[in-house]
Amino acid sequence: MPDRAFGGGGRYWAWLGVLATLIVAGALAYQRQLALGLGITGLSRDVTWGLYIAQFTFLVGVAASAVVVVLPYYLHDYRVFGRITILGECLAVSAVAMCLLFVFVDMGQPARALNVLLYPTPSSIMFWDMLVLAGYLGLNAVIARATLAAEHRGVPPPRWLGPVIVLSIPWAVSIHTVTAFLYSGLPGRHLWLTALLAPRFLASAFASGPALLILLAMLLRRLTGFDVGREALQKLGLIVAYTMTVNVFFVLVELFTVFYSQAPEAIDHFEFLFLGLEGQAGLVPWMWASVILAVLSLGLLLTPRLRRDMRLLAAACAMVFASLWMDKGLGLIVGGFVPSPLGEVTGYVPTLPEVAIALAIWAVGSLLASVLFKVVVAVRGEPGGPDSHSRSVRAPVEA
Amino acid sequence: MSVDRRAFLGAAGLCALAVTGTRSLEALAGTGRPETAPQGRRVPRWGMVVDLRRCLQADGCTDCIAACERAHNVPRLPSRAHEVKWIWREPYERAFAQRGSGYADEALRGKLVPVLCNHCDNPPCVRVCPVKATWKREDGIVMMDWHRCIGCRYCMAACPYGARSFNWLDPRPRVKEVNPDFPTRTRGVVEKCNFCEERLAQGRGPACVEACRERALAFGDLRDPGSQVREQLRSRHAMRRKPELGTEPSVYYRA
Ligand code: SF4
Ligand code: SF4
């Protein structure tokens with residue numbers, strides 16, 4: 001009963017309808033952007049990257065985070081993650097697809113996109129980022145497809161899949177490391193010019209991605225009865241607790257270096273983000289909200305009694321996700337541009353078309369994730385049906 | 001600098017690794033050793049010297065800017081966000097990012113000084129461009145190919161001098177008087193000063209240098225010890241913008 005797999009076909013189609021509307025609205029806005037140029041965004045000579053590239057950066061993290069479930073399951077044969085791993089892989093596929101779209105809409109000359117392949121440039125980190133992202137998309141698509149197909153036929157996954165899965169693990173780390181290198185290798189951008197950026201990116205990714213995965217798994221159980229298991233969610237919650245702690249620790253380390261040294265260049269950026277500079281304080285409430293959410297979520301996650309309560313775990317995960325989205329999905333990128341190399345303090349507020357386009361890309365990702373999840377649920381059997389455990393994926397890699 | 005690093009790592013017993021490591025890092029960073037000219041042909045290294053004293057005598061003069069804009073079809077956009085600038089004026093403290101120069105440069109404080117692309121010897125903008133739409137010529141000029149640029153603006157993030165502009169909107173209707181001898185740009189590409197390479201090819205100097213009544217701008221071959229620019233650099237203290245970043249600008253400012 002695949003139509004009931006998503007808890008009533010009506011609701012599923014209504015949801016897809018909402019997404020389609022968002023996508024159409026975004027497509028119209030993008031058409032305007034194509035006709036008039038990127039001048040219809042809130043970007044400027046000083047703040048040259050904004051919402052689009054920030055979303056890209058954040059979503060690379062979401063994509064990379066699949067490793068948090070893939071690694072224990074395949075490498076350590078941690079069976080508890082059996083059902084959630086495939087969800088993680090599907091989420092990664094949707095996230096990378098969104099990443100590529102966000103880069104695409106940010107281009108001033110999208111018709112020339114192929115130039116990146118026609119004139120490969122090893123000195124450019126952007127070239128490597130494209131390569132690793134495309135590779136990661138391929139890897140995850142292949143892995144998810146092959147495991148599902150095997151399950152569908154009730155046979156163990158093919159042998160060749162083992163090495164592919166092993167490869168996908170360092171690859172996941174590489175996509176976010178390389179994305180951090182996009183920023184951390186630029187002279188004169190002092191917010192980013194820190195070796196801690198890549199580790200910070202990874203820590204925040206391994207918190208925000210699994211947090212989203214927990215929320216989605218809970219939602220899926222509500223809607224379809226497809227249950228990844230309480231233990232899996234709790235274990236994942238523990239991982240979020242650790243990674244979020246590490247992430248906050250990294251931020252504090254950064255703050256110490258910047259503020260204790262009193263070197264002005266980097267301080268300016270933090271002041272702009274958290275206190276406002278020269279009257280530009282648009283991001284201040286935004287950044288503080290992110291901080292407060294981070295602290296609150298840590299309180300919930302680090303108290304075992306609270307974390308074990310599924311409702312509170314969900315709340316904590318929502319906070320982690322929101323906090324990191326606010327930080328990486330806007331603050332970190334915009335903050336790097338203000339003040340400009342000439343000390344100019346320019347504000348940035350995304351415009352309506354810009355937001356519409358960004359929403360549309362999120363809708364594309366959600367659509368992709370919905371469809372993929374639906375397939376997973378259908379293959380794994382409807383609630384009460386033949387349980388997946390009886391024919392679950394045999395880990396092709398022995399621990 | 002890279003020699004020092006190599007020697008240091010060598011002393012640490014990692015010599016072999018260090019040599020290969022640095023080489024590949026250099027290759028990755030696109031900062032190979034300077035090209036040796038084939039068959040001893042002497043390649044100039046173009047550079048500019050701005051005489052701040054002379055420039056500030058004509059306070060408020062913008063002849064260089066006007067000449068450049070005329071020569072290169074630089075559009076005039078009303079909003080600061082969308083501005084396209086090749087050579088323009090910045091307050092001295094901004095141009096030199098001199099926070100905390102204390103009482104040292106009272107005479108210069110708030111004075112507007114001309115700034116432009118520095119045609120860096122080690123240009124980060126070139127290193128990051130994913131399509132080689134911007135590259136460094138043998139004579140040091142950092143060039144832009146407006147037909148190849150994909151408008152990713154990575155070069156703008158990389159340039160520590162804010163020397164690059166993006167065409168957020170269609171520039172063509174905003175060019176006052178189109179100079180048919182020079183291309184106009186389309187929206188969605190990056191542009192910047194090109195040291196008037198089209199004029200150099202005809203044996204002329206840059207438009208801004210020619211237009212300066214105070215003769216505050218000098219242009220010439222930095223590699224030639226007898227050149228006017230070298231002469232100027234010898235006679236008085238000169239500085240470059242943000243030398244600590246290792247970009248090695250070719251535009252010098254005489255104090
Ligand atoms: S000043 Fe900026 S744009 Fe010009 S060569 Fe240097 S880094 Fe590139
Ligand atoms: S904007 Fe154009 S010139 Fe600049 S990095 Fe991108 S492709 Fe290269």
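Sorted by mean Cβ packing within 10 Å, highest first, what order do the peptides A:191-199, B:160-168, A:37-45 take?
B:160-168, A:37-45, A:191-199
Ordered by packing density, taken as the mean number of other Cβ atoms within 10 Å over each peptide's residues, highest first, how do A:125-132, B:138-145, A:23-30 rank?
A:125-132, B:138-145, A:23-30
Decide, for segment B:153-255, between rounded, prolate and oblate: order the square roots of the alpha carbon gyration tensor eigenvalues as a ≥ b ≥ c, take rounded if a/c falls under 1.5, and otherwise choose prolate if a/b is larger than b/c, else oblate.
Oblate, because a/c is 1.5 or more while a/b does not exceed b/c.
Place a +1 charge on the Cβ of each Lys and Arg in segment A:260-359 and a -1 charge on the Cβ of each Asp and Glu, then give the dipole magnitude about the Cα centre in debye, rounded to the nearest 20.
The dipole of segment A:260-359 has a size of about 800 debye.
Okay, helix-only estimate at 222 nm for chain A: each DSSP H run of n ≥ 4 adds -39500 (n - 2.57), divide by all residues, round to 500 deg cm²/dmol; what do you get?
Value at 222 nm, helices only, nearest 500: -23000 deg cm²/dmol.
Contact order normalised by length for segment B:123-255, with contacts defined as Cα pairs under 8 Å and 6 or more residues apart; what percent is it?
16
Set the Förster radius R0 to 45 Å, insert the Cβ-Cβ distance between B:A66 and A:Q280 as r into 1/(1 + (r/R0)^6), and round the FRET efficiency to 0.05.
Approximately 0.90, to the nearest 0.05.
Would you work out which of B:I150, B:L200, B:P180 lies farthest towards the positive end of the dipole of segment B:134-226? Charges go on Cβ: Lys and Arg +1, Asp and Glu -1.
It is B:I150, whose Cα lies furthest towards the positive end.
Take every DSSP beta bridge with both residues inside the protein assembly as shown and express the antiparallel ones as a percent of the total, to the nearest 5.
The answer is about 80 percent antiparallel.
Between B:A255 and B:R204, what is the label-point separation in nm under the 7 Å Cα-to-beta-carbon projection?
Label at B:R204, label at B:A255, 3.7 nm between them.
Give a quick list of chymotrypsin sites (Phe, Trp or Tyr not before Pro) in segment B:40-144 that DSSP marks as loop, anything other than H, G, I, E or B, with at most 11 other Cβ atoms within 10 Å.
B:Y103
Over the whole of A:343-350, what's the average partner chain Cβ count within 10 Å per residue? Rounded to a whole number, please.
Taking all residues of A:343-350 together, the mean is 2.
Can you give the FRET efficiency for A:R311 and A:L100, using 1/(1 + (r/R0)^6), R0 = 35 Å, r = Cβ-Cβ distance, to the nearest 0.05?
My answer for the efficiency is 0.45.
Output the DSSP H helices from chain A with an along-axis C-alpha extent of no less than 18 Å and a mean Kyte-Doolittle hydropathy no less than 1.0.
A:51-64, A:82-105, A:161-184, A:197-224, A:230-261, A:284-302, A:310-326, A:352-379
Across 20 Å bins from 0, what is the distribution of all Cα-Cα pair distances for the protein assembly as shown, in whole percents?
Percent of Cα pairs in each bin: 17, 47, 27, 8, 0.
Kirkwood hydrodynamic radius, segment B:204-251, all distinct C-alpha pairs: what's the number in Å?
It works out to 12.2 Å.
Please give the contour-minus-distance gain from A:R145 to A:A289: 0.36 nm per residue of separation, less the Cα-Cα distance, rounded to one decimal in nm.
Extra length from A:R145 to A:A289 when fully extended: 47.9 nm.
For the protein assembly as shown, report the accessible area per residue in Å² (1.4 Å probe, heavy atoms, rounded to an integer).
About 43 Å² of surface per residue is accessible.
Roughly speaking, what % of Cα-Cα pairs in segment A:108-262 are separated by over 24 Å, rounded to a whole number?
Above the 24 Å cut-off, segment A:108-262 has 54 percent of its Cα pairs.
In whole Å, what is the distance between the alpha-carbon centres of segment B:112-161 and segment A:78-118?
Comparing the Cα centres of segment B:112-161 and segment A:78-118, I get a distance of 29 Å.
Among A:S366, B:V229, B:N73, whose Cα lies farthest out toward the positive end of the dipole of the protein assembly as shown, if unit charges sit on the beta carbon of Lys, Arg (+1) and Asp, Glu (-1)?
The Cα lying farthest towards the positive end belongs to A:S366.
Of B:K85/B:K176; B:K136/B:K176; A:K328/B:K85, which pairs sit farther than 23 Å apart, going by alpha carbon to alpha carbon?
B:K136/B:K176; A:K328/B:K85
Once both labels are modelled 7 Å past Cα along the beta-carbon direction, what's the A:V355-B:S235 spacing in nm?
6.0
Within 10 Å of each Cβ in peptide B:159-170, how many partner chain Cβ atoms are there on average? Round it to a whole number, please.
Going residue by residue through B:159-170 and averaging, the value is 5.
Just order B:173-183, A:261-271 by mean Cβ neighbour count inside 10 Å, highest at the front, would you?
Highest mean packing first, the order is A:261-271, B:173-183.
The values are calculated or read from the model by the stated rules, or taken from the named source; none is laboratory data. Note that the structure is predicted; figures quoted are calculated from it, not measured. Quick reminder, even Gly has a Cβ in these numbers, built from the backbone with ideal geometry, and neighbours come from all protein chains shown. Each accessible area value is taken on the protein alone, full model and side chains, heavy atoms only, with ligands, DNA and RNA left out. Shrake-Rupley method; radii C 1.70, N 1.55, O 1.52, S 1.80 Å.
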